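Colleague: Below are the structure tokens for one structure; questions will follow.
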Amino acid sequence: MQGIASHWDEWFRHEASRDDRDAIESIGRSPFEQRRFVGWLARRWAGEAQWAGESAPARYVLAQLSRVSPFDKWACFDRYQTTYGTPGIAAIVLEAESAGESNDVRPVEALILPADEDATAHNIVSDGFQTESGDLSAARRAAISLLNGRGLMVFLALWIVAGRRPYPRWLQAVLAIAWLTVAGLMIRLLTGADPGSRLGLIFLMLFVLWASLVVIAVGVSSGEMVKAWIAGRQLRMRLEAHQTRLRINGGLSLQGGSAGLAFCLNTLLATYRAHPRVATRSWLWDRFFRKLRGAGGGWAATGVVMGGGQIERVALEPKIRACLRHPEITDILTPWQPEARQSVIDELVSSKTRPGTRVKQATEGLTPVFASEKHRLRTHRCRHAAQSIMAVGDFISKPQLTANAFAVALSAIMIAAFPDIRNVLAPAPSPAVVQPASPSPYYLWISLDTKRAEAFSVVLESGFWSNRWANVGSYGGANGSVRAELRLSRVDRQTTSDEEDGTIWIERRRKFLSREFQPGDRVGSYSLSHIARLGHE
């Protein structure tokens, strides 16, 4: 495959018979027959010429054949002499002394081919330009990481936080209403009237609705993440087993690695074009690659990309100027730099297109510096190549980010209130009073054999002592226990002279966070004399 043009040329010059040459010459005289031949080669021959179970890359074959006789004279091969026909995200490569012109935006094309049998061959090569092999290798390693590595984990984390979900609109509306209902029930519990006997029903509705929403959110996110990991792994294996060819016309010699981000994204696109069915198994990858393929000439990228996907700074001002002068560029991916803020770009454009401002022509034949206010260049700043996937795939969704923050806040409230909800929906067993008792005659300890202290409260009713109420809590130390502590003080108007008169009631607490409701059932009663003597007999 690497030498298909030279093989053809050798056969045509030295081995083809007179009949073969006459047939080829006859086809070459007819533009219609030329197109038929190209169609046959792309649709039939490429599918039948299997290599290691894969079809031959027809675009690469056509590009190679267009340079040898007789195809270099066929009109239908003219387009393949300068292009693979695989447009991708453009790189911004400045010519020497250039202040940023539209022709500094360079279209980049990428293909992956079966790996060369030569063990010393590079796994990524340049076509039509020269650059450091280390810069190309870094772009390839970053692409591998994005497909199935640390870069993919960064992308998935970003998507979980602020990425749109594969929900139809009706389901998005239903989920939004459901979360608002959860919030409404919480507000009702915190500020509304005491629900009385309906508290259990409200708690049940709240918990079931919240749990269902969490299960849906976690299930969908987890499923998409697993699918993206599996599909990315398969694409990574194919990328590693192939040679990547990057093409920029013009015979440039690139200095520095500022085109690394563009090379990385076009490497991903080339892998997808060679194996499109793999990506369709994952909604995330399918959406990204469809957006990337459809971006065409509207996107450009600049930034030094490291092997792990991090993006380093570059000289940005002339490159932004080149994109502003280019009539087709609408979006640019840049490193995270202050001069790439959208407000800075918008101010630059408005200052040049403001009425009364003279617009200069850079050179004859070029688009004016800022041709129209309608040409709004959108910038997407990235610290990591995964953020470029978010931008190109149009995953970033402010409503989804808001919904996620809202859901996380409500979930935090639910987790904090879970013990209160559990105590109502799944009450703890009725506890018994146990030791230790209070060593002080001025305090009464009611120790209970339960592990859910927050579920109970204690009430003292007496004609001698003032009535008291206390929550049960957990206490440590030498006399540690789960207990309620009541300070004993005599009532002003006693109805009895018996200081052991009184009844201790154990009640179930009903609360939601800081809101206390009317107590629940009384699940135990003990005489004051029994409690006072407990531990002292």
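Since every read-out is calculated from the coordinates, none of them should be taken as a lab result. The model shown is predicted, which means the values in this text are computed figures rather than measured ones. Note: ideal-geometry Cβ built from the backbone for every residue, glycine included; neighbour counts use all protein chains shown.
Colleague: By how many degrees, 0 to 90 and rounded to 10, does the Cα axis of helix 150-162 deviate from the longest principal axis of the chain?
Modeller: The angle comes out at about 60 degrees.
Colleague: Something else about it: Please report V125, V458 as a ranked list, fewest other C-beta atoms within 10 angstrom at the top and most at the bottom.
Modeller: Fewest to most other Cβ atoms nearby, the residues stand as V125, V458.
Colleague: So, one more: Please give the net charge around E132, taking every other residue with its beta carbon less than 15 angstrom from that of E132, where Lys and Arg add +1 and Asp and Glu add -1.
Modeller: So the environment of E132 carries a net charge of 0.
Colleague: Points 7 angstrom from Cα along the Cβ direction at Y442 and Q130: gap in nanometres?
Modeller: In this crude spin-label approximation the distance works out to 9.5 nm.
Colleague: At 7 Å along Cα-to-Cβ for each site, give me the label-to-label distance between N471 and I160 in nm.
Modeller: 3.3 nm
Colleague: Would you mind ranking K291, K398, K319 so that the residue whose beta carbon has the fewest other beta carbons within 10 Å leads the list?
Modeller: By the 10 Å Cβ count, ascending: K398, K291, K319.
Colleague: Shape verdict for region 8-81, please, from the Cα gyration tensor: rounded (a/c under 1.5), prolate (a/b greater than b/c) or oblate.
Modeller: The shape class here is prolate.
Colleague: How much of the calculated P(r) for region 433-533 lies past 21 Å, in percent of all Cα pairs?
Modeller: For region 433-533, the share of Cα pairs beyond 21 Å comes to 33 percent.
Colleague: Taking every alpha carbon pair in the chain, what does the distance histogram look like in 10 angstrom bins from 0, in percent?
Modeller: Going out from 0 Å in 10 Å bins, the chain shows 3, 14, 17, 15, 12, 10, 8, 8, 6, 4, 2, 1, 0, 0 percent.
Colleague: I would also like to ask the following. Could you give the distance between the Cα centres of region 130-151 and region 266-318, to the whole Å?
Modeller: With region 130-151 and region 266-318 each reduced to a Cα centre, they are spaced 12 Å.
Colleague: Sticking with this structure for a sec: Please give every one of the aspartates and glutamates within straight-line cross-link reach of K319, meaning a C-alpha to C-alpha distance under 15 Å, and leave out same-chain neighbours fewer than 8 residues apart.
Modeller: Correct list for K319: E95, E97, E101, D104, E328, D331, E339.
Colleague: Still on this structure: Give me the distance in nm between label points sitting 7 Å out from Cα along the Cα-to-Cβ direction at T181 and K73, one decimal.
Modeller: 7.7 nm
Colleague: Could you give the length gained by full extension between R515 and S343, i.e. 0.36 nm per residue of separation minus their alpha carbon distance, to one decimal place? Intermediate values should be presented prior to the final figure.
Modeller: Details: separation 172, 0.36 × 172 = 61.92 nm, distance 4.66 nm.
Gain on extension, R515 to S343, equals 57.3 nm.
Colleague: Pulled fully out, how much extra length does the chain show between E317 and H530, if you take 0.36 nm times their separation in residues and subtract their Cα-Cα distance?
Modeller: So the chain would gain 68.1 nm between E317 and H530.
Colleague: Relative contact order (percent) for the chain, with alpha-carbon contacts under 8 angstrom and 6 or more residues of separation?
Modeller: Over the chain, the number comes to 15 percent.
Colleague: With N set to the number of residues, divide the alpha-carbon radius of gyration of region 114-230 by 2.2 N^0.38 Å and report two decimals.
Modeller: Relative to the 2.2 N^0.38 Å estimate, region 114-230 comes out at 1.86.
Colleague: Here is a further query. Relative to the present Cα-Cα distance, how much length would full extension add between S6 and D394 at 0.36 nm per residue of separation? Please report the intermediate quantities before stating the final value.
Modeller: Numbers: separation 388, 0.36 × 388 = 139.68 nm, distance 4.33 nm.
Once the chain is fully extended between S6 and D394, it gains 135.3 nm.
Colleague: Working from Cα positions, state the angle (0 to 90°, nearest 10) between the long axis of helix 133-148 and the longest principal axis of the chain.
Modeller: Here the helix axis deviates by roughly 40 degrees.
Colleague: Considering only DSSP beta bridges where both residues belong to the chain, give the percentage that are antiparallel (nearest 5).
Modeller: Counting only bridges with both partners in the chain, antiparallel ones make up about 70 percent.
Colleague: Ok, one more. So what's region 124-400 giving for Cα Rg divided by 2.2 N^0.38 Å, two decimals?
Modeller: On the way: Rg = 23.5 Å, N = 277, 2.2 N^0.38 = 18.6 Å.
Relative to the 2.2 N^0.38 Å estimate, region 124-400 comes out at 1.26.
Colleague: Can you put V214, V482 in order of Cβ neighbours within 10 angstrom, beginning with the fewest?
Modeller: With the fewest neighbours first, V214, V482 line up as V214, V482.
Colleague: In whole percent, what relative contact order does region 433-533 give with Cα contacts below 8 Å and a gap of six or more residues?
Modeller: Averaging sequence separation for qualifying contacts and normalising by length gives 26 percent for region 433-533.
Colleague: Mind pulling the angle between the C-alpha long axis of helix 18-28 and the longest principal axis of the chain? Nearest 10 degrees, somewhere in 0 to 90.
Modeller: That helix lies at roughly 60 degrees to the long axis.
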